[in-house]
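Undergrad: Got a structure here, written out as structure tokens. Questions coming.
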Amino acid sequence: MKIAILGGGISGVALARLCAADGHDVVVLEQAERPGGLCKSRRYGEFTFDEAGGHILFSKDKRVLDWQLARCGGEAGTVRTVRNTKIRWHDRWVPYPFENGVGHLTKQAIVECMAGYIEAYVGRRIGAPCPDNFGDWIRWRMGDGFARHFMVPYNEKIWKCDLSRMASDWVAGRVPEAPIEDILKSAVGLDTEGYAHQSVFWFPRHGGFEAMVRGTVAGGGFDLQCGVKISRVERRGDGFAVDGTAFDLVVNTVPLPQIEPVFADLPDAVRADIRALRPISLVNLMIGVRLDEPLPPLSWIYLPFADQGPTNRVTYFSNYSPHNAPAGHGSFLAEVTHRGELRPDAAWLREVTKALDRAGILQQEHVVLTEWCNNEYAYIDQDLAFASRIARVRAWFDASGYLTFGRFGRYEYHNSDQCIGRAMQVHEHIRTLSATGARAPLQLG
Ligand SMILES: Cc1cc2nc3c(=O)[nH]c(=O)nc-3n(C[C@H](O)[C@H](O)[C@H](O)COP(=O)(O)OP(=O)(O)OC[C@H]3O[C@@H](n4cnc5c(N)ncnc54)[C@H](O)[C@@H]3O)c2cc1C
């Protein structure tokens with residue numbers, strides 16, 4: 001089949017590689033000057049940084065993880081790290097996830113967290129219904145103490161809204177519930193491990209996270225066209241046309257609001273739903289520092305409080321690979337989310353690094369490099385109408401013959417491994433289509 005894939009992020013190039021291996025004639029049409037999307041990295045002198053904040057290689061799906069590692073040169077091409085993440089809780093370093101590190105808080109805060117947790121636990125046991133908004137969900141699930149001491153300030157900082165405006169359904173599969181025994185152990189000072197699926201991760205030894213994209217494109221057997229401006233996509237006869245060129249299949253992975261204007265045959269109601277889909281944007285600060293001694297062996301940390309500046313998460317990026325920073329130097333990524341209003345300038349950058357200095361993360365006089373990168377489409381705004389809106393959009397695409405997937409191509413809050421998992425599912429769908437000729441609706445589990 002002749003297949004056009006719109007967008008050359010990891011979703012697009014992973015699917016292209018899989019389909020090309022089956023002998024299909026595949027072209028990837030990418031608007032930017034090179035592929036990679038949110039997985040891109042960049043160099044400043046001898047520093048390498050990721051553009052869209054800290055990215056790591058991990059997956060619950062072994063088949064996907066093996067695929068990712070193979071694209072990065074396997075064990076030799078990657079650095080394996082045991083995760084060491086913390087929350088900067090006032091002047092303390094609290095192990096993450098917060099509920100597993102509760103014993104590191106002040107005695108008063110431990111009591112408040114545990115009293116609230118037990119109340120919430122009993123409430124759920126006697127049938128308190130799961131709230132549909134995220135703010136109430138946090139209290140229902142974690143109790144008032146955990147809410148006040150971490151969950152609410154942190155989540156307000158990252159989502160930039162009143163949490164009662166957000167839906168709760170997306171957190172269900174994303175935030176695994178720690179067993180109550182683990183939380184009780186943590187409260188009395190016995191550390192427990194949470195989020196075990198992510199306790200070890202990998203990172204490309206050279207070239208930043210983008211190395212995975214380069215390894216997907218290299219020898220992929222498909223035609224990658226960059227710097228392309230797509231003007232019109234339409235159904236034509238039994239197939240499709242992109243700017244007049246005929247294809248048997250068109251697969252979209254571009255953020256839906258960015259590609260909607262060129263789809264000629266979208267019904268008005270679906271267009272309206274797509275236009276109402278909002279992203280949360282991310283300014284990623286790339287910071288290089290001179291080091292007198294090695295950085296602490298941290299992976300990343302969370303900064304929940306306003307007096308720590310606007311950064312919600314800091315990645316200790318030079319700890320991911322010794323090649324991310326030159327000898328005698330270290331590097332950080334500082335993530336600041338926004339809703340389209342942030343325009344960084346020199347004064348703002350200084351304020352952010354000053355706040356990181358105050359929080360005990362770096363010394364401002366050791367900073368040798370500060371650059372930034374804005375990512376318009378970083379997170380999904382999962383407001384209360386999101387689930388029904390995106391369900392209508394997906395239903396139209398899935399029945400239309402076009403295929404659409406990807407973090408914003410389907411508006412699924414997915415990491416790159418899940419995008420690759422989706423590419424594998426779409427690839428299976430295309431195999432069936434190619435073998436039988438039957439255009440059954442796309443079904444993604
Ligand atoms: C802060 C943050 C941290 C993350 N951490 C991790 C992590 O630790 N591990 C992990 O695996 N994942 C992580 N992710 C998720 C990961 O970045 C995404 O899941 C993945 O990169 C999405 O790939 P995609 O191809 O679906 O979308 P994108 O990367 O958004 O790709 C879409 C592509 O479409 C192109 N495009 C846009 N408009 C057009 C147009 N009109 N025509 C043609 N092309 C167009 C874009 O240039 C882009 O290349 C993180 C994401 C963020 C924001």
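Undergrad: Nothing charged except the Cβ atoms of Lys and Arg (+1) and of Asp and Glu (-1): what's the magnitude of the dipole of the chain about its Cα centre? Round to the nearest 20 debye.
TA: For the chain, the charge dipole is close to 240 debye.
Undergrad: Which value in nm describes the separation of the simple spin-label points at Asp268 and Glu177, placed 7 Å from the Cα toward the beta carbon?
TA: 4.6 nm
Undergrad: Can you figure out the FRET efficiency of Asp132 with Glu351, using R₀ = 41 Å and their beta-carbon distance, to the nearest 0.05?
TA: E(calc), rounded to 0.05, equals 0.65.
Undergrad: With a ≥ b ≥ c the root eigenvalues of the C-alpha gyration tensor of the stretch 395-434, is it rounded (a/c under 1.5), prolate (a/b larger than b/c) or oblate?
TA: oblate
Undergrad: Could you list which residues have their amide H under 5 Å from that of Asn375, counting only those 5 or more apart in sequence or on another chain, with H placed in the peptide plane?
TA: Leu282, Val283, Asn284
Undergrad: Let me ask another. Starting from the stretch 138-192, pick out the trypsin sites (Lys or Arg not before Pro) whose DSSP state is loop and whose Cβ has at most 16 other Cβ atoms within 10 Å.
TA: Arg174
Undergrad: Oh, and also: Where the accessible area of the chain is counted over protein heavy atoms with a 1.4 Å probe, how much of it, in %, is carbon and sulfur?
TA: 52 percent
Undergrad: Taking the solvent-accessible surface of protein heavy atoms with a 1.4 Å probe, what is the per residue accessible area of the chain in Å²?
TA: The answer is 42 Å² per residue.
Undergrad: Further question on the same structure: Taking every DSSP beta bridge that has both residues in the chain, what percent is antiparallel when rounded to the nearest 5?
TA: Taking every DSSP beta bridge within the chain, about 75 percent pair in antiparallel fashion.
Undergrad: Around Gln225, what is the net charge, scoring Lys/Arg as +1 and Asp/Glu as -1 over all other residues with Cβ under 12 Å from its Cβ?
TA: Residues close to Gln225 contribute a combined charge of -2.
Undergrad: Restricting things to alpha carbons, tell me how big the chain is in terms of Rg and Dmax, in Å.
TA: Computed over the Cα atoms of the chain, radius of gyration and Dmax are 22.7, 70 Å.
Undergrad: Step through the residues of the stretch 43-53 one at a time and calculate ³J(HN,Hα) from phi using the Karplus curve (6.51 cos²θ - 1.76 cosθ + 1.60, θ = phi - 60°), rounding each to whole Hz and writing x for Gly and Pro.
TA: 10, 10, x, 8, 8, 10, 10, 8, 7, 10, x
Undergrad: Rounded if a/c is under 1.5, else prolate if a/b is larger than b/c, else oblate: which is the stretch 63-131, with a ≥ b ≥ c the root eigenvalues of its Cα gyration tensor?
TA: oblate
Undergrad: How about the stretch 52-82: which trypsin sites (Lys or Arg not before Pro) there are in a DSSP loop, with at most 16 other Cβ atoms within 10 Å of their Cβ?
TA: Lys60
Undergrad: Toward the positive end of the charge dipole of the stretch 98-191, about the Cα centre and with charges on Cβ (Lys, Arg +1; Asp, Glu -1), which of Cys161, Ala147, Val188 goes farthest?
TA: Of the listed residues, the answer is Cys161.
Undergrad: Hand me the GluC sites (Glu not before Pro) from the stretch 86-185 located in a DSSP loop with no more than 15 other Cβ atoms within 10 Å, in residue order please.
TA: Those that pass, being in a loop and sparsely packed, are Glu177.
Undergrad: Could you work out the helix-only [θ] at 222 nm for the chain, with each DSSP H run of four or more residues adding -39,500 (n - 2.57) and the total divided by the number of residues, to the nearest 500 deg cm²/dmol?
TA: So the helix-based figure for the chain works out to -9500 deg cm²/dmol.
Undergrad: Right, here's the next one. Can you give the extra length, in nm with one decimal, that the chain gains between Gln108 and Cys226 once fully stretched, where that is 0.36 nm per residue apart less the Cα-Cα distance?
TA: Contour length minus the Cα-Cα distance gives 36.8 nm.
The values are calculated or read from the model by the stated rules, or taken from the named source; none is laboratory data. This one's a predicted model, so the numbers in the text were calculated from it and none came from an experiment. Positions of Cβ are generated from backbone atoms using ideal geometry, with glycine treated the same way; all protein chains shown enter the neighbour counts. With ligands, DNA and RNA removed, areas are computed over all heavy atoms of the protein, side chains included. Shrake-Rupley method; radii C 1.70, N 1.55, O 1.52, S 1.80 Å.
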